[in-house]
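Some notes on the structure that comes next.
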Amino acid sequence: MLCASKALRCALRELPGGGARRAGTGRVGGGQSESVRDVQFSIRDYFTFASTFENGNVQLWDIRRPDRCERMFTAHNGPVFCCDWHPEDRGWLATGGRDKMVKVWDMTTHRAKEVHCVQTIASVARVKWRPECRHHLATCSMMVDHNIYVWDVRRPFVPAAMFEEHRDVTTGIAWRHPHDPSFLLSGSKDSTLCQHLFRDASQPVERANPEGLCYGLFGDLAFAAKESLVATESGRKPYTGDRRHPIFFKRKLDPAEPFSGLASSALSVFEMEPGSSSMSWFVDTAERYALAGRPLAELCDHNAKVARDLGRNQVAQTWTMLRIIYCSPGLVPTTNLNHSVGKGSSCGLPLMNSFNLKDMAPGLGSETRLDRSKGDARSDTVLLDSSATLITNEDNEETEGSDVPADYLLGDVEGEDDELYLLDPEHAHSEEPEYVLPQEAFPLRHEIVDTPPGPEHLQDKADSPHVSGNEADAASLVPVDSSFSLISVSHALYDSRLPPDFFSALVCDMLRFYAEQGDVQMAVSVLIVLGERVRKDIDEQTQEHWYTSYIDLLQRFCLWNVSNQVVKLSTSRAISCLNQASTTLHVNCSHCKRPMSSRGWVCDRCHHCASMCAVCHHVVKGLFVWCQGCSHGGHLQHIMKWLEGSSHCPAGCGHLCEYS
Amino acid sequence: MFVARSIAADHKDLIHDVSFDFHGRRMATCSSDQSVKVWDKSESGDWHCTASWKTHSGSVWRVTWAHPEFGQVLASCSFDRTAAVWEEIVGESNDKLRGQSHWVKRTTLVDSRTSVTDVKFAPKHMGLMLATCSADGIVRIYEAPDVMNLSQWSLQHEISCKLSCSCISWNPSSSRAHSPMIAVGSDDSSPNAMAKVQIFEYNENTRKYAKAETLLTVTDPVHDIAFAPNLGRSFHILAIATKDVRIFTLKPVRKELTSSGGPTKFEIHIVAQFDNHNSQVWRVSWNITGTVLASSGDDGCVRLWKANYMDNWKCTGILKGNGSPVNGSSQQGNSNPSLGSNIPNLQNSLNGSSAGRYFFPPLDSPRAGSRWSSYAQLLPPPPPPPPPLIEHSCDADTASLQYPHPRRRSLSRPLNPLPENEGV
């Protein structure tokens, strides 16, 4: 029997033959200055034992030579609480310490060699090799962690099994029989003694997620998976079979199971082929859209063109629609809106239909409006006339000459190719078929043929004494002639001056539709371009939501300028204050390197101008860039050029400036 | 379409999570080997490991990036019962280790008594907040009151879920109409058929998180859960990885109709359910606009799901995990229907309408010495029930791809034999 004390020495008593007779007492080790935490006889080597110390050392003794140890090495950082000799492998010693590690040493070599190192989550109080399982050992901790873990030393990061029964600190563990690997006994401070059946252990490995997956910004996918899962079919087959029957799998962990080797993962990134990045349309669109600074019609046309260039025909179509709705020459002044609503409803029908079918989920209630418009159709001729005069005024303001409106209204019949930025009907006519998808066009046609209001209305107009025959022909006869193509109908009708307000509900629905589809860019862009025209119909909270979402997206793509423009153009107060927060720059004087006060660019202390360009020595007006390390800077262009050739500061201060 | 770029990750055990940062230029991986690695994308598109350090004393389950407004900040959670917050310190430019960044542990969150299974930063507009969930069924929400001081986190909420939690997801909506919401999934495998997904919502009045919904139909262990990026939608989309992939929509019922003060009521619809992985689904991830869902399962494949204009979800691509060609003998296609879907009608109609819509990209042989290792398979989606014809065409296509295993080549040359950089 071997015992050791916390005192300065190891004591050795020997009870040979298992008798009660006290044969002799020997003492080994003298002058040990550290207390001993554990002693263990080597299982195979009769005379050898190991002792572990508080200072992290492990000593190997031969009882025949009690005066000094055979070998000593530092095993752990901090106290070594326990050690255990391998039951079969005579050279292997496992030690556990406060540094949360279990180390397996090969003692047969001249110097003790660390063969395995297991990292546990708490300090290791006990370590016991599992019988019949060469690479398994059980550990428990003396604080915090109440669980018992069984580790495979070849897979040192994940416990092979875990017993979670104890509610308090486990104080001791032992395998029940030296040749039975399935029973483990444990005692705990929760006043229980447990016999664990290895089969019941929970296996953290099995619950661990073998795969990682993440969608990148540009549509690239990072995917990490256990190699056995992604390996070739032959190697994988049996494995997946097991997976489908978790019960089998659970039992698989028997001692005879051959070790499958260290699990590892294959990491790969699936990237979109250069140029086909799934989000490049977003970036391009964001950069190229014009949101303000030009007349509405131009903005719409520009944006439609951008969308078409990028192959987004539906979006392009929407922009064209918006342009037709809001920028037709018959733009009724807002003062007159309430008068013309009735008329508008009748005229708007075909256009609305086409709009619906193209851009919205079907069934947005065009039916009900259709009915209404039939009734209204007859009563609006007077209004038509009055609005016509109003249009004249309106057009006067928008275009050059006072006689333009008349020309314009006749324009489509005469085939004049006006370069007015207002929609040229001929143009619309020739353009439209390009991006009307055929399968969408068919139902439209039927829709129009089936609904009488269009022709009916035209009839009325022709009868009306208030409208000059010429104008009426121009407006009404074209669609009849051109076999009811969608375009000619709508174009004939916009001539009859639709009130844009009538559409605002539809436009709002359209914006919502885009937002629900994940294209918040469209929603926000239209919102900005149309401005007041639709803003009042969408509640503030939704608008704000769209803005924040879009700005967030723009910032993800580092489109700072666009994002700032959007912030600037937004009318929502919560949004527009975004770029007014934290606008303070903290600058050091480039001369005396002390913080500048708020007095402009002249330093208070050294009275030098701080905004001198370090390259050309002129005062910088405009974009000024400076190094945050040495405070020197200058014209953006100069500094960029300078740093291409040199990594040192152009002011000669020796600082290695970083330009990023 | 997709090009697989295989990266020698050099993790010594399983990789459990991969995460891109806000701008998509950095990537973090975490592994059972207790380390986290950070990868930066170079100009040429290669990924370089710029940091690798030991983060925990147990398997690291998840790693996640904070919004860059708060700095370069990572959070990790581990089997060792802790979660940690890390911040990158960029060395002075005359540092000799230029390019090697340094990650400093800012805090360790030690409240859990069991393995911390997931960690997620809250959406930016909520400030610097962090949610963790642990195997003992408690979701904890921490807040850093001072965003400049990452070492101070206060535990704001503890939500008990009664079930061992495996994953959480914040609702990313920035709308004021949507109060903060968090979905929690459980991988509790005990036989009792309890609902495994719970949704908690913050109540302004009580200042507490209260259970808003339980997805009763999800009774199998849930491994991952993800809200789609909201982007101005009025409703929420939630993807769940359990024994199959499921997509739910949650439409808030208008406030006026519900009694004020109580949790928001939702109209919950399951819009898609796919068991094409034939096995456990481990991960789901949304693209940036919330229109494409990627899922990965035990079959080692990544599948992409997308909705058409009728809101019918269908498979738009299959990517083989290691970038190698799908083997000719692949049974994935036809073993699928035999397993049977829970909603066969939907499944069939989807497959029927989508088959043949996607094609192989033209395949040219990989350029020698290039790191573009191979073309991942963008297969036509699994064919509808009697599939022999399409199945055949797949075989023919893949047969032409039998060039030497590409990954081997790139693996033989370790990408970045960097020294382990212990994070302080």
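The residues neighbouring residue A:90, those whose beta-carbon lies less than 12 Å from its own, together hold a net charge of -3 under the Lys/Arg +1, Asp/Glu -1 convention.
Apply 1/(1 + (r/R0)^6) to the Cβ-Cβ distance of residue B:214 and residue B:113, taking R0 = 22 Å, and write down the FRET efficiency to the nearest 0.05. E(calc), rounded to 0.05, equals 0.35. Counts of other chain beta carbons within 10 angstrom of each beta carbon in peptide B:307-318 average 1.
What is the stretch B:135-180 by shape, rounded, prolate or oblate, if you read a ≥ b ≥ c off the alpha carbon gyration tensor as root eigenvalues and call it rounded for a/c under 1.5, prolate for a/b larger than b/c, and oblate otherwise? Judged from the Cα gyration tensor, the stretch B:135-180 comes out oblate (a/c at least 1.5, b/c at or above a/b).
Using a 7 Å offset from the Cα along the Cα-to-Cβ direction at both residue A:313 and residue A:648, what is the distance between the two label points in nm, to one decimal? About 6.2 nm separates the two model spin labels. Ranked by the mean number of other Cβ atoms within 10 Å of their residues, highest first, the peptides A:213-226, B:115-128 come out as A:213-226, B:115-128.
For chains A and B, what's the summed buried accessible area, probe 1.4 Å, to the nearest 100 square angstrom? In total, chains A and B hide about 7500 Å² from solvent.
Inter-chain Cβ neighbour count for B:225-238, averaged per residue, equals 5 (cutoff 10 Å, partner chain atoms only). Residues of the stretch A:54-70 with an amide N closer than 18 Å to a point placed 7 Å from the Cα of residue A:41 along the Cα-to-Cβ direction: A:60-66. On the beta carbon distance between residue A:619 and residue B:152, with R0 = 51 Å, the FRET formula returns roughly 0.70. With a cut-off of 9 Å between beta carbons, the residues surrounding residue A:124 carry a summed charge of +2, where Lys and Arg count +1 and Asp and Glu -1. Counting only protein heavy atoms and a 1.4 Å probe, the stretch B:165-325 has 33 square angstrom of accessible area per residue. Shape summary of the stretch B:165-325, radius of gyration then Dmax from alpha carbon positions: 16.1, 56 Å. Partner shielding of A:152-160 amounts to 4, given as the average count of beta-carbon atoms from other chains within 10 Å of each residue beta-carbon.
In a DSSP loop and with at most 15 other Cβ atoms within 10 Å, the trypsin sites (Lys or Arg not before Pro) in the stretch A:575-660 are A:593, A:599, A:605, A:621.
Neighbours of residue A:147, meaning other residues whose beta-carbon lies under 10 angstrom from its beta-carbon, give a summed charge of -3 when Lys and Arg score +1 and Asp and Glu score -1.
The values are calculated or read from the model by the stated rules, or taken from the named source; none is laboratory data. Source: prediction; values computed, not measured. Neighbour counts are summed over all protein chains in view; Cβ atoms, including those assigned to glycine, are modelled from backbone coordinates with ideal geometry. Keep in mind that these areas ignore ligands, DNA and RNA; they rest on the heavy atoms of the full protein, side chains included. Shrake-Rupley method; radii C 1.70, N 1.55, O 1.52, S 1.80 Å.
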